[in-house]
Amino acid sequence: MEKFFHFVSQTGFSNIEVSSLVMLVIGLFLLYLGIAKKYEPLLLVPIGFGILLVNFPLSPLMVQPENGQPGGLLYYLYMGIELGIYPPLIFMGVGALTDFSPLISNPKTLLLGAAAQIGIFGTFLSMLMLGFTDLEAASIGIIGGADGPTAIYLSSQMAPHLLGAVSVAAYSYMALVPIIQPPIMRLLTTKDERRIVMEELRETTRRERILFPVIGILVTGLFLPESLPLLGMLMLGNLFRECGVVDRLSKAAQNELNNIVVIFLGLTVGAKCTASHFLTFETILILVFGLVAFAIGTATGVLMGKVMCKATGGKVNPLIGAAGVSAVPMSARVCQAVGQKENPSNFLLMFAMGPNVGGVIGSAIAAGIFLAVL
Amino acid sequence: MKGVEAILHYDGFTMAVLGILTVFAALLVLAVIISQLHNAVTLWENKKLYLGKLRRLFSPPEEPEPMPEVQYFDDLNESARQFKLLINNMGEPFSLPELIQKAETVGIAHAHSTISHLIVSNLIVPDKNGYYRLNHEAYKRLS
(Lines give C-alpha, C1' and ligand atoms only; values in the text may rest on other atoms or scores of the structure.)
Protein backbone atom coordinates (compact mmCIF):
# COMPACT_ATOMS: atom_id res chain seq x y z
CA MET A 1 0.00 0.00 0.00
CA GLU A 2 2.89 2.27 0.88
CA LYS A 3 4.33 1.70 -2.58
CA PHE A 4 1.01 2.56 -4.11
CA PHE A 5 0.87 5.89 -2.27
CA HIS A 6 4.48 6.53 -3.20
CA PHE A 7 3.60 5.85 -6.83
CA VAL A 8 0.59 8.17 -6.62
CA SER A 9 2.78 10.88 -5.14
CA GLN A 10 5.07 10.56 -8.16
CA THR A 11 2.30 11.11 -10.72
CA GLY A 12 1.47 14.42 -12.28
CA PHE A 13 -2.02 14.39 -10.77
CA SER A 14 -0.83 14.78 -7.22
CA ASN A 15 1.74 17.44 -8.11
CA ILE A 16 -0.19 19.56 -10.54
CA GLU A 17 -0.30 23.30 -9.90
CA VAL A 18 -2.48 25.97 -11.41
CA SER A 19 0.50 27.71 -13.00
CA SER A 20 1.55 24.48 -14.71
CA LEU A 21 -1.98 24.02 -16.00
CA VAL A 22 -1.95 27.53 -17.44
CA MET A 23 1.34 26.80 -19.18
CA LEU A 24 -0.06 23.57 -20.59
CA VAL A 25 -2.98 25.56 -21.99
CA ILE A 26 -0.54 28.08 -23.52
CA GLY A 27 1.44 25.22 -25.05
CA LEU A 28 -1.75 23.74 -26.51
CA PHE A 29 -2.76 27.18 -27.81
CA LEU A 30 0.57 27.57 -29.63
CA LEU A 31 0.11 24.09 -31.10
CA TYR A 32 -3.35 25.19 -32.26
CA LEU A 33 -1.91 28.36 -33.85
CA GLY A 34 0.81 26.38 -35.59
CA ILE A 35 -1.30 23.46 -36.80
CA ALA A 36 -4.80 24.86 -37.34
CA LYS A 37 -3.94 28.45 -38.26
CA LYS A 38 -0.56 27.60 -39.86
CA TYR A 39 1.13 30.55 -38.10
CA GLU A 40 4.90 29.85 -38.33
CA PRO A 41 4.19 26.12 -37.85
CA LEU A 42 7.84 25.10 -38.19
CA LEU A 43 8.58 26.90 -34.94
CA LEU A 44 5.32 27.18 -33.06
CA VAL A 45 4.72 23.42 -33.18
CA PRO A 46 8.04 22.45 -31.53
CA ILE A 47 7.85 25.46 -29.17
CA GLY A 48 4.30 24.56 -28.14
CA PHE A 49 5.27 20.94 -27.62
CA GLY A 50 8.39 21.97 -25.70
CA ILE A 51 6.16 24.02 -23.37
CA LEU A 52 4.01 20.97 -22.78
CA LEU A 53 7.00 18.74 -22.07
CA VAL A 54 8.58 20.91 -19.38
CA ASN A 55 5.42 22.03 -17.65
CA PHE A 56 4.20 18.62 -16.61
CA PRO A 57 4.68 18.30 -12.88
CA LEU A 58 8.00 16.58 -12.03
CA SER A 59 9.03 16.67 -15.70
CA PRO A 60 12.62 15.40 -15.88
CA LEU A 61 13.42 16.95 -19.27
CA MET A 62 15.08 20.15 -18.05
CA VAL A 63 16.61 18.71 -14.88
CA GLN A 64 20.23 19.64 -14.37
CA PRO A 65 22.81 16.91 -13.78
CA GLU A 66 23.14 16.25 -10.04
CA ASN A 67 25.03 13.79 -7.85
CA GLY A 68 26.49 12.01 -10.83
CA GLN A 69 23.06 11.61 -12.42
CA PRO A 70 22.74 12.87 -15.99
CA GLY A 71 20.47 15.82 -16.71
CA GLY A 72 17.31 15.84 -18.81
CA LEU A 73 17.32 15.58 -22.59
CA LEU A 74 16.17 19.16 -23.15
CA TYR A 75 18.69 20.42 -20.61
CA TYR A 76 21.47 19.19 -22.87
CA LEU A 77 19.78 20.35 -26.05
CA TYR A 78 19.34 23.75 -24.44
CA MET A 79 23.14 24.06 -24.33
CA GLY A 80 22.89 24.81 -28.06
CA ILE A 81 21.03 28.01 -27.23
CA GLU A 82 23.01 28.87 -24.11
CA LEU A 83 26.28 28.55 -26.00
CA GLY A 84 24.92 30.51 -28.95
CA ILE A 85 25.12 27.62 -31.42
CA TYR A 86 21.63 27.20 -32.88
CA PRO A 87 20.83 30.75 -34.07
CA PRO A 88 24.01 31.07 -36.17
CA LEU A 89 23.33 27.64 -37.69
CA ILE A 90 19.80 28.77 -38.55
CA PHE A 91 21.35 31.84 -40.15
CA MET A 92 23.54 29.59 -42.28
CA GLY A 93 20.39 27.86 -43.50
CA VAL A 94 18.71 31.21 -44.15
CA GLY A 95 21.76 32.32 -46.15
CA ALA A 96 21.71 29.13 -48.19
CA LEU A 97 17.99 29.62 -48.88
CA THR A 98 18.11 33.33 -49.71
CA ASP A 99 18.61 34.85 -53.12
CA PHE A 100 20.27 38.23 -52.59
CA SER A 101 19.80 39.28 -56.23
CA PRO A 102 17.03 41.84 -55.53
CA LEU A 103 19.32 43.50 -53.00
CA ILE A 104 22.36 43.42 -55.26
CA SER A 105 20.48 44.94 -58.17
CA ASN A 106 18.86 47.62 -55.99
CA PRO A 107 21.28 48.20 -53.09
CA LYS A 108 19.68 51.42 -51.88
CA THR A 109 16.91 49.27 -50.40
CA LEU A 110 19.42 48.30 -47.71
CA LEU A 111 18.64 51.68 -46.17
CA LEU A 112 15.02 50.63 -45.78
CA GLY A 113 16.30 47.65 -43.83
CA ALA A 114 18.32 50.03 -41.68
CA ALA A 115 15.39 52.38 -41.04
CA ALA A 116 13.19 49.53 -39.88
CA GLN A 117 15.65 48.81 -37.05
CA ILE A 118 14.78 52.11 -35.35
CA GLY A 119 11.95 50.27 -33.59
CA ILE A 120 14.54 48.16 -31.78
CA PHE A 121 16.24 51.15 -30.23
CA GLY A 122 12.98 53.00 -29.53
CA THR A 123 11.68 50.01 -27.61
CA PHE A 124 15.03 49.66 -25.85
CA LEU A 125 14.50 53.16 -24.41
CA SER A 126 10.87 52.42 -23.50
CA MET A 127 11.85 49.28 -21.63
CA LEU A 128 14.54 51.14 -19.72
CA MET A 129 11.88 53.65 -18.69
CA LEU A 130 9.68 50.83 -17.43
CA GLY A 131 12.39 49.63 -15.08
CA PHE A 132 14.04 46.82 -17.05
CA THR A 133 17.83 46.58 -16.96
CA ASP A 134 19.77 47.52 -20.09
CA LEU A 135 20.40 43.85 -20.93
CA GLU A 136 16.72 42.99 -20.58
CA ALA A 137 15.67 46.09 -22.53
CA ALA A 138 17.98 45.12 -25.40
CA SER A 139 16.57 41.58 -25.46
CA ILE A 140 13.03 42.91 -25.65
CA GLY A 141 13.85 45.66 -28.14
CA ILE A 142 15.36 43.19 -30.61
CA ILE A 143 11.86 41.72 -31.11
CA GLY A 144 11.30 44.79 -33.32
CA GLY A 145 13.75 43.29 -35.80
CA ALA A 146 11.19 40.51 -36.37
CA ASP A 147 14.02 38.07 -36.71
CA GLY A 148 13.52 35.02 -34.51
CA PRO A 149 17.07 33.61 -34.46
CA THR A 150 18.55 37.05 -33.73
CA ALA A 151 16.09 37.63 -30.89
CA ILE A 152 16.88 34.19 -29.43
CA TYR A 153 20.63 34.71 -29.83
CA LEU A 154 20.61 38.09 -28.11
CA SER A 155 18.31 37.18 -25.25
CA SER A 156 20.17 33.91 -24.61
CA GLN A 157 23.37 35.92 -24.24
CA MET A 158 21.94 38.87 -22.31
CA ALA A 159 18.79 37.88 -20.46
CA PRO A 160 18.29 34.08 -20.56
CA HIS A 161 15.40 34.32 -18.08
CA LEU A 162 13.43 36.27 -20.71
CA LEU A 163 14.27 33.90 -23.54
CA GLY A 164 10.93 32.09 -23.53
CA ALA A 165 8.80 35.22 -23.56
CA VAL A 166 11.02 37.01 -26.09
CA SER A 167 11.08 34.14 -28.56
CA VAL A 168 7.36 33.42 -28.24
CA ALA A 169 6.68 37.12 -28.81
CA ALA A 170 9.11 37.31 -31.75
CA TYR A 171 7.69 34.30 -33.54
CA SER A 172 4.09 35.22 -32.75
CA TYR A 173 4.51 38.67 -34.28
CA MET A 174 6.35 37.24 -37.27
CA ALA A 175 3.36 34.99 -37.78
CA LEU A 176 1.00 37.93 -37.36
CA VAL A 177 2.78 40.12 -39.93
CA PRO A 178 -0.20 39.98 -42.35
CA ILE A 179 -2.44 41.34 -39.58
CA ILE A 180 -0.11 43.86 -37.93
CA GLN A 181 1.58 45.52 -40.89
CA PRO A 182 -1.15 46.43 -43.45
CA PRO A 183 -3.01 49.00 -41.27
CA ILE A 184 0.28 50.78 -40.50
CA MET A 185 1.28 50.72 -44.18
CA ARG A 186 -2.06 52.13 -45.27
CA LEU A 187 -2.04 54.75 -42.54
CA LEU A 188 1.32 56.17 -43.59
CA THR A 189 0.96 56.12 -47.37
CA THR A 190 -1.38 57.71 -49.87
CA LYS A 191 -3.29 55.76 -52.48
CA ASP A 192 -1.10 57.21 -55.23
CA GLU A 193 2.06 56.13 -53.42
CA ARG A 194 0.76 52.60 -53.00
CA ARG A 195 0.03 52.47 -56.73
CA ILE A 196 3.59 53.28 -57.80
CA VAL A 197 4.99 50.71 -60.22
CA MET A 198 8.73 50.29 -59.84
CA GLU A 199 11.23 49.91 -62.66
CA GLU A 200 12.27 46.37 -63.48
CA LEU A 201 15.35 45.14 -61.64
CA ARG A 202 18.47 44.45 -63.66
CA GLU A 203 19.75 40.89 -63.78
CA THR A 204 22.75 40.11 -61.63
CA THR A 205 25.70 38.04 -62.76
CA ARG A 206 26.92 34.94 -60.97
CA ARG A 207 30.20 36.69 -60.18
CA GLU A 208 28.30 39.50 -58.39
CA ARG A 209 26.32 37.00 -56.38
CA ILE A 210 29.49 35.21 -55.33
CA LEU A 211 31.22 38.45 -54.38
CA PHE A 212 28.27 39.72 -52.33
CA PRO A 213 28.67 37.43 -49.29
CA VAL A 214 32.43 37.95 -49.31
CA ILE A 215 32.15 41.74 -49.43
CA GLY A 216 29.19 41.68 -47.07
CA ILE A 217 31.16 39.89 -44.39
CA LEU A 218 34.24 42.05 -44.92
CA VAL A 219 32.22 45.23 -44.39
CA THR A 220 29.94 44.13 -41.55
CA GLY A 221 32.71 42.15 -39.88
CA LEU A 222 34.92 45.22 -39.76
CA PHE A 223 32.09 47.41 -38.50
CA LEU A 224 30.95 45.01 -35.83
CA PRO A 225 32.86 41.82 -35.09
CA GLU A 226 30.23 40.94 -32.45
CA SER A 227 27.73 40.32 -35.22
CA LEU A 228 30.04 37.82 -36.95
CA PRO A 229 28.47 34.66 -35.49
CA LEU A 230 25.16 35.56 -37.13
CA LEU A 231 26.26 37.43 -40.25
CA GLY A 232 29.28 35.17 -40.80
CA MET A 233 27.06 32.13 -40.94
CA LEU A 234 24.47 33.95 -43.08
CA MET A 235 27.12 34.88 -45.63
CA LEU A 236 28.75 31.44 -45.50
CA GLY A 237 25.40 29.80 -46.26
CA ASN A 238 24.86 32.20 -49.14
CA LEU A 239 28.35 31.56 -50.48
CA PHE A 240 27.59 27.82 -50.42
CA ARG A 241 24.52 28.56 -52.51
CA GLU A 242 26.08 30.88 -55.04
CA CYS A 243 29.58 29.55 -55.60
CA GLY A 244 28.18 26.47 -57.36
CA VAL A 245 30.97 24.12 -56.31
CA VAL A 246 29.60 22.89 -52.98
CA ASP A 247 26.05 21.92 -53.86
CA ARG A 248 26.02 19.15 -51.27
CA LEU A 249 26.91 21.55 -48.48
CA SER A 250 24.39 24.07 -49.74
CA LYS A 251 21.63 21.47 -49.76
CA ALA A 252 22.63 20.22 -46.30
CA ALA A 253 22.55 23.77 -44.93
CA GLN A 254 19.17 24.40 -46.54
CA ASN A 255 17.53 21.15 -45.57
CA GLU A 256 18.95 18.55 -43.18
CA LEU A 257 20.99 20.79 -40.91
CA ASN A 258 18.42 23.57 -40.92
CA ASN A 259 15.56 21.22 -40.11
CA ILE A 260 17.45 19.51 -37.30
CA VAL A 261 18.42 22.83 -35.74
CA VAL A 262 14.85 24.15 -36.07
CA ILE A 263 13.62 21.12 -34.11
CA PHE A 264 16.22 21.58 -31.36
CA LEU A 265 15.74 25.33 -31.24
CA GLY A 266 11.96 25.18 -31.09
CA LEU A 267 11.87 22.46 -28.46
CA THR A 268 14.40 24.11 -26.20
CA VAL A 269 12.85 27.56 -26.51
CA GLY A 270 9.59 25.97 -25.46
CA ALA A 271 11.43 24.23 -22.66
CA LYS A 272 12.52 27.61 -21.34
CA CYS A 273 8.87 28.63 -20.94
CA THR A 274 8.29 27.30 -17.47
CA ALA A 275 5.54 28.80 -15.36
CA SER A 276 8.01 30.54 -13.04
CA HIS A 277 9.65 32.31 -15.99
CA PHE A 278 6.67 32.86 -18.23
CA LEU A 279 3.67 33.67 -16.04
CA THR A 280 4.89 37.04 -14.91
CA PHE A 281 3.90 40.64 -15.45
CA GLU A 282 7.17 41.05 -17.35
CA THR A 283 5.92 38.62 -20.00
CA ILE A 284 2.85 40.75 -20.60
CA LEU A 285 5.08 43.82 -20.97
CA ILE A 286 7.34 41.91 -23.35
CA LEU A 287 4.39 40.86 -25.48
CA VAL A 288 2.99 44.39 -25.55
CA PHE A 289 6.27 46.17 -26.21
CA GLY A 290 7.41 43.54 -28.68
CA LEU A 291 4.36 44.52 -30.67
CA VAL A 292 5.22 48.20 -30.22
CA ALA A 293 8.79 47.56 -31.43
CA PHE A 294 7.48 45.73 -34.44
CA ALA A 295 4.97 48.46 -35.25
CA ILE A 296 7.61 51.20 -34.92
CA GLY A 297 9.97 49.23 -37.17
CA THR A 298 7.25 48.88 -39.81
CA ALA A 299 6.40 52.58 -39.57
CA THR A 300 9.99 53.82 -39.81
CA GLY A 301 10.61 51.51 -42.75
CA VAL A 302 7.59 52.91 -44.58
CA LEU A 303 8.58 56.49 -43.70
CA MET A 304 12.07 55.87 -45.07
CA GLY A 305 10.36 54.47 -48.17
CA LYS A 306 8.47 57.75 -48.50
CA VAL A 307 11.73 59.70 -48.24
CA MET A 308 13.22 57.52 -50.98
CA CYS A 309 10.08 57.96 -53.07
CA LYS A 310 10.44 61.74 -52.89
CA ALA A 311 14.21 61.63 -53.45
CA THR A 312 13.89 59.47 -56.57
CA GLY A 313 10.99 61.44 -58.03
CA GLY A 314 8.41 58.76 -57.32
CA LYS A 315 10.36 55.74 -58.51
CA VAL A 316 10.21 53.85 -55.19
CA ASN A 317 6.96 52.49 -53.80
CA PRO A 318 7.10 53.33 -50.06
CA LEU A 319 5.26 50.13 -49.17
CA ILE A 320 8.44 48.11 -49.64
CA GLY A 321 9.91 49.91 -46.60
CA ALA A 322 7.66 47.77 -44.39
CA ALA A 323 9.63 44.71 -45.50
CA GLY A 324 12.70 46.13 -43.76
CA VAL A 325 11.65 44.44 -40.53
CA SER A 326 12.98 41.05 -41.77
CA ALA A 327 10.34 38.34 -41.25
CA VAL A 328 11.54 36.82 -44.52
CA PRO A 329 9.61 36.40 -46.76
CA MET A 330 6.31 37.09 -45.01
CA SER A 331 6.63 40.89 -44.85
CA ALA A 332 7.66 41.03 -48.54
CA ARG A 333 4.53 39.07 -49.37
CA VAL A 334 2.46 41.52 -47.33
CA CYS A 335 3.95 44.43 -49.36
CA GLN A 336 2.99 42.60 -52.52
CA ALA A 337 -0.56 42.02 -51.27
CA VAL A 338 -1.12 45.59 -50.09
CA GLY A 339 0.37 47.04 -53.28
CA GLN A 340 -1.65 44.76 -55.51
CA LYS A 341 -4.86 45.73 -53.72
CA GLU A 342 -4.42 49.28 -55.02
CA ASN A 343 -2.98 48.35 -58.39
CA PRO A 344 -3.68 44.77 -59.48
CA SER A 345 -0.95 44.90 -62.14
CA ASN A 346 1.71 45.86 -59.61
CA PHE A 347 4.27 43.24 -58.53
CA LEU A 348 6.26 44.45 -55.55
CA LEU A 349 7.44 41.09 -54.21
CA MET A 350 10.93 41.12 -55.75
CA PHE A 351 11.45 44.78 -54.86
CA ALA A 352 10.40 44.09 -51.27
CA MET A 353 12.86 41.20 -50.99
CA GLY A 354 15.71 43.76 -51.08
CA PRO A 355 14.77 45.55 -47.83
CA ASN A 356 13.62 42.22 -46.44
CA VAL A 357 17.06 40.63 -46.56
CA GLY A 358 18.56 44.05 -45.73
CA GLY A 359 16.49 43.88 -42.53
CA VAL A 360 18.02 40.51 -41.67
CA ILE A 361 21.49 42.05 -41.94
CA GLY A 362 20.36 45.19 -40.10
CA SER A 363 18.85 43.34 -37.14
CA ALA A 364 21.97 41.18 -36.82
CA ILE A 365 24.07 44.36 -36.77
CA ALA A 366 21.76 45.86 -34.13
CA ALA A 367 22.20 42.71 -32.02
CA GLY A 368 25.96 43.01 -32.50
CA ILE A 369 25.87 46.60 -31.24
CA PHE A 370 24.09 45.55 -28.05
CA LEU A 371 26.54 42.70 -27.54
CA ALA A 372 29.52 44.95 -28.12
CA VAL A 373 28.44 47.87 -25.96
CA LEU A 374 26.37 46.43 -23.09
CA MET B 1 14.77 52.89 -11.21
CA LYS B 2 12.29 54.01 -13.83
CA GLY B 3 11.58 56.78 -16.31
CA VAL B 4 14.13 59.12 -17.80
CA GLU B 5 16.32 58.59 -14.78
CA ALA B 6 16.72 54.93 -15.78
CA ILE B 7 17.58 55.89 -19.34
CA LEU B 8 20.22 58.32 -18.12
CA HIS B 9 21.56 55.75 -15.66
CA TYR B 10 22.11 53.22 -18.43
CA ASP B 11 23.23 55.85 -20.93
CA GLY B 12 20.26 54.80 -23.02
CA PHE B 13 20.09 57.81 -25.33
CA THR B 14 23.75 57.44 -26.32
CA MET B 15 23.22 53.73 -26.87
CA ALA B 16 20.15 54.29 -29.04
CA VAL B 17 21.75 57.03 -31.16
CA LEU B 18 24.98 55.05 -31.49
CA GLY B 19 23.01 51.97 -32.46
CA ILE B 20 20.92 53.68 -35.12
CA LEU B 21 23.93 55.47 -36.57
CA THR B 22 26.01 52.29 -36.68
CA VAL B 23 23.26 50.31 -38.40
CA PHE B 24 22.83 53.08 -40.98
CA ALA B 25 26.57 53.56 -41.48
CA ALA B 26 27.26 49.85 -41.95
CA LEU B 27 24.37 49.35 -44.37
CA LEU B 28 25.14 52.58 -46.22
CA VAL B 29 28.76 51.52 -46.79
CA LEU B 30 27.56 48.09 -47.88
CA ALA B 31 25.00 49.67 -50.23
CA VAL B 32 27.62 51.94 -51.81
CA ILE B 33 30.03 49.04 -52.35
CA ILE B 34 27.32 46.79 -53.77
CA SER B 35 26.12 49.54 -56.09
CA GLN B 36 29.60 49.58 -57.64
CA LEU B 37 29.96 45.82 -57.67
CA HIS B 38 28.73 45.37 -61.23
CA ASN B 39 31.15 48.06 -62.42
CA ALA B 40 34.01 46.29 -60.68
CA VAL B 41 32.96 42.98 -62.22
CA THR B 42 32.75 44.55 -65.70
CA LEU B 43 36.19 46.08 -65.16
CA TRP B 44 37.59 42.70 -64.16
CA GLU B 45 35.99 40.90 -67.07
CA ASN B 46 37.42 43.44 -69.57
CA LYS B 47 40.66 44.07 -67.78
CA LYS B 48 42.80 43.74 -70.93
CA LEU B 49 40.79 46.40 -72.70
CA TYR B 50 40.89 48.81 -69.77
CA LEU B 51 44.60 48.13 -69.11
CA GLY B 52 45.32 48.94 -72.75
CA LYS B 53 43.37 52.18 -72.46
CA LEU B 54 45.23 53.00 -69.26
CA ARG B 55 48.57 52.27 -70.91
CA ARG B 56 47.74 54.51 -73.84
CA LEU B 57 46.72 57.23 -71.39
CA PHE B 58 50.09 57.28 -69.68
CA SER B 59 52.49 56.44 -72.53
CA PRO B 60 53.35 59.02 -75.26
CA PRO B 61 51.54 58.47 -78.55
CA GLU B 62 53.66 56.31 -80.79
CA GLU B 63 54.24 57.02 -84.47
CA PRO B 64 52.08 54.57 -86.33
CA GLU B 65 54.26 52.02 -88.02
CA PRO B 66 53.99 52.21 -91.80
CA MET B 67 51.70 49.47 -92.90
CA PRO B 68 53.33 47.19 -95.46
CA GLU B 69 51.46 47.15 -98.68
CA VAL B 70 49.29 44.14 -98.71
CA GLN B 71 50.13 41.78 -101.48
CA TYR B 72 47.16 39.61 -102.08
CA PHE B 73 48.75 37.67 -104.80
CA ASP B 74 52.12 36.82 -105.99
CA ASP B 75 50.78 36.24 -109.43
CA LEU B 76 47.46 37.69 -110.69
CA ASN B 77 47.83 35.79 -113.94
CA GLU B 78 48.06 32.49 -112.13
CA SER B 79 45.03 33.29 -109.94
CA ALA B 80 43.00 34.36 -112.97
CA ARG B 81 43.97 31.18 -114.79
CA GLN B 82 42.94 28.98 -111.85
CA PHE B 83 39.58 30.73 -111.45
CA LYS B 84 38.94 30.64 -115.22
CA LEU B 85 39.22 26.86 -115.09
CA LEU B 86 36.75 26.76 -112.21
CA ILE B 87 34.35 29.16 -113.94
CA ASN B 88 34.48 27.12 -117.14
CA ASN B 89 33.64 24.11 -115.09
CA MET B 90 30.71 25.85 -113.33
CA GLY B 91 29.35 27.69 -116.33
CA GLU B 92 28.38 31.36 -116.59
CA PRO B 93 26.80 33.31 -114.98
CA PHE B 94 27.81 32.03 -111.58
CA SER B 95 27.16 33.00 -107.99
CA LEU B 96 30.05 34.22 -105.88
CA PRO B 97 29.33 31.98 -102.86
CA GLU B 98 29.33 28.97 -105.18
CA LEU B 99 32.64 30.04 -106.70
CA ILE B 100 34.17 30.53 -103.25
CA GLN B 101 32.92 27.13 -102.16
CA LYS B 102 34.39 25.45 -105.27
CA ALA B 103 37.69 27.28 -104.83
CA GLU B 104 37.92 26.15 -101.21
CA THR B 105 37.00 22.62 -102.18
CA VAL B 106 39.83 22.38 -104.69
CA GLY B 107 42.23 23.92 -102.20
CA ILE B 108 42.85 27.43 -103.57
CA ALA B 109 44.27 29.51 -100.73
CA HIS B 110 42.66 32.84 -99.70
CA ALA B 111 39.67 32.29 -101.99
CA HIS B 112 37.75 35.33 -100.64
CA SER B 113 40.57 37.83 -101.04
CA THR B 114 41.62 36.44 -104.42
CA ILE B 115 38.10 36.75 -105.84
CA SER B 116 37.84 40.22 -104.34
CA HIS B 117 41.05 41.17 -106.12
CA LEU B 118 39.81 39.69 -109.40
CA ILE B 119 36.66 41.81 -109.08
CA VAL B 120 38.71 44.93 -108.36
CA SER B 121 40.89 44.10 -111.36
CA ASN B 122 37.74 43.88 -113.48
CA LEU B 123 38.43 40.25 -114.36
CA ILE B 124 35.18 39.15 -112.73
CA VAL B 125 32.23 41.45 -113.39
CA PRO B 126 28.61 41.50 -112.19
CA ASP B 127 25.90 40.67 -114.74
CA LYS B 128 23.38 43.02 -112.99
CA ASN B 129 21.12 40.07 -112.14
CA GLY B 130 22.91 39.22 -108.92
CA TYR B 131 25.35 36.85 -110.68
CA TYR B 132 28.85 37.30 -112.05
CA ARG B 133 30.71 36.58 -115.31
CA LEU B 134 34.32 36.31 -116.36
CA ASN B 135 35.47 39.34 -118.33
CA HIS B 136 37.01 37.45 -121.27
CA GLU B 137 38.46 40.55 -122.92
CA ALA B 138 40.25 41.63 -119.77
CA TYR B 139 41.45 38.07 -119.30
CA LYS B 140 42.87 38.02 -122.85
CA ARG B 141 44.68 41.34 -122.25
CA LEU B 142 46.12 39.90 -119.08
CA SER B 143 47.56 36.88 -120.81
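The values are calculated or read from the model by the stated rules, or taken from the named source; none is laboratory data. Note that the structure is a prediction, hence the values are computed from the model and not measured. Counting neighbours? That spans all protein chains shown, and the Cβs are built from the backbone with ideal geometry, glycine included. Protein only, heavy atoms only, side chains kept; ligands, DNA and RNA dropped before computing areas. Shrake-Rupley method; radii C 1.70, N 1.55, O 1.52, S 1.80 Å.
From the protein chains alone at 1.4 Å, what is the descending order of accessible area for B:V17, B:V120, A:V357, largest first? Before the final figure, lay out each step's value.
Numbers: B:V17 85, B:V120 115, A:V357 5 Å².
Largest accessible area first, the list is B:V120, B:V17, A:V357.
Going by Cα centres, region A:63-94 and region A:294-362 are how many Å apart?
Cα centres, region A:63-94 to region A:294-362: 36 Å.
How far is helix B:96-105 tilted, in degrees, relative to the longest principal axis of the Cα atoms in chain B, given as a value from 0 to 90 rounded to the nearest 10?
Result, in degrees: 90.
With heavy atoms of protein chains only and a 1.4 Å probe, what residues of region A:91-115 have at least 40 Å² less accessible area in the full set of chains than alone?
Buried by the other chains: A:P107, A:L110, A:L111, A:A114.
Taking all pairs of distinct Cα atoms, average 1/r, flip it, and tell me the Kirkwood hydrodynamic radius of region B:76-142 in Å to one decimal place.
Working: mean 1/r = 0.0856 Å⁻¹.
One over the average 1/r among Cα pairs gives 11.7 Å for region B:76-142.
For A:C273, tell me the accessible area in Å² from a 1.4 Å probe, rounded to the nearest 10.
Per-residue accessible area (A:C273): approximately 0 Å².
With n ≥ 4 as the cut-off for DSSP H runs, can you work out [θ] at 222 nm for chain A, using -39500 (n - 2.57) per run divided by the number of residues, rounded to the nearest 500? Before the final figure, lay out each step's value.
Values: 22 runs with 270 residues, N = 374.
Value at 222 nm, helices only: -22500 deg cm²/dmol.
How long are the semi-axes of the equivalent ellipsoid of the protein assembly as shown, taking √(5λ) for every eigenvalue λ of the Cα gyration tensor, in whole Å from largest down?
Equivalent ellipsoid semi-axes, largest first: 71, 27, 22 Å.
Just reorder A:D192, A:D99 by solvent-accessible area, largest first, 1.4 Å probe, all chains present.
The residues order as A:D192, A:D99, largest area first.
Cα centroid distance between region A:95-116 and region B:123-143, in Å?
When both Cα centres are located, 69 Å separates them.
If ligands, DNA and RNA are left out, what is the accessible area of A:V292 with a 1.4 Å probe, given in Å² to the nearest 10?
Probe radius 1.4 Å; accessible area of A:V292 about 50 Å².
Nearest 10 degrees is fine. How inclined is helix A:349-373 to the longest principal axis of chain A, computing both from alpha carbons?
60
Roughly how many Å² is the accessible area per residue of the protein assembly as shown, as a whole number, for a 1.4 Å probe?
Ligands and nucleic acids excluded, the figure is 49 Å² per residue.
Could you check which residue among B:L86, B:L18, B:L57 shows the biggest mean-square fluctuation in a GNM of chain B with a 10 Å Cα cutoff?
Evaluated over chain B, the most mobile residue of the options is B:L18.
How do A:R194, A:R248, B:R133, B:R55 rank by accessible surface area computed with a 1.4 Å probe, from largest to smallest?
Most to least solvent-accessible, the answer reads A:R248, B:R55, B:R133, A:R194.
For the pairs A:K315/B:K48; A:K306/A:K341; A:K108/B:K47; A:K3/A:K272, note any where the Cα-Cα span goes beyond 25 Å.
A:K315/B:K48; A:K108/B:K47; A:K3/A:K272, as the Cα separations exceed 25 Å there.
Testing the spin-label approximation: label points 7 Å from Cα along Cα→Cβ at B:L76 and A:E200. State their distance in nm.
5.5
Mind checking how much accessible area A and B bury in total, 1.4 Å probe, in Å² rounded to 100?
Numbers: alone 16800 and 11770 Å², together 25510 Å².
Summing both chains' loss of accessible area gives about 3100 Å².
If you roll a 1.4 Å probe over chain B with all protein chains in place, what percent of the accessible area is carbon or sulfur?
58
How many percent of the accessible area of chain A is carbon or sulfur, using a 1.4 Å probe?
About 67 percent, which is the carbon plus sulfur part of the accessible surface.
Mind grabbing the accessible area of A:K191 for me, 1.4 Å probe, Å², rounded to tens?
110
From a point 7 Å beyond the Cα of A:K310 in the direction of its Cβ, which residues of region A:165-197 have a backbone N at a distance under 20 Å?
In region A:165-197, the label zone of A:K310 (backbone N under 20 Å from the point 7 Å along Cα→Cβ) covers A:185-197.
Give me the mean projected area, in nm² to one decimal, of the convex hull enclosing the Cα positions of region B:3-58.
Reported value for the Cα convex hull: 6.0 nm².
Are there any residues in region A:211-234 with a reduction of at least 20 Å² in accessible surface when going from the isolated chain to the assembly of protein chains? Probe 1.4 Å, please list them by number.
The answer is A:L211, A:F212, A:I215, A:V219, A:F223.
Could you work out the mean count of beta carbons from other protein chains within 10 Å of each residue's beta carbon in A:240-252? Can you show the working numbers first?
Numbers: counts 0, 0, 0, 0, 0, 0, 0, 0, 0, 0, 0, 0, 0.
Across A:240-252, the average partner-chain Cβ count within 10 Å equals 0.
Would you be so kind as to identify which of B:H9, A:S345, A:S20 lies farthest towards the positive end of the dipole of the protein assembly as shown, taking Lys and Arg as +1 and Asp and Glu as -1 on Cβ and the Cα centre as origin?
So the residue furthest toward the plus end is A:S345.
Take every residue in peptide B:3-16, count the Cβ atoms of other chains within 10 Å of its Cβ, and give the average of those counts.
Average per residue, whole number: 6.
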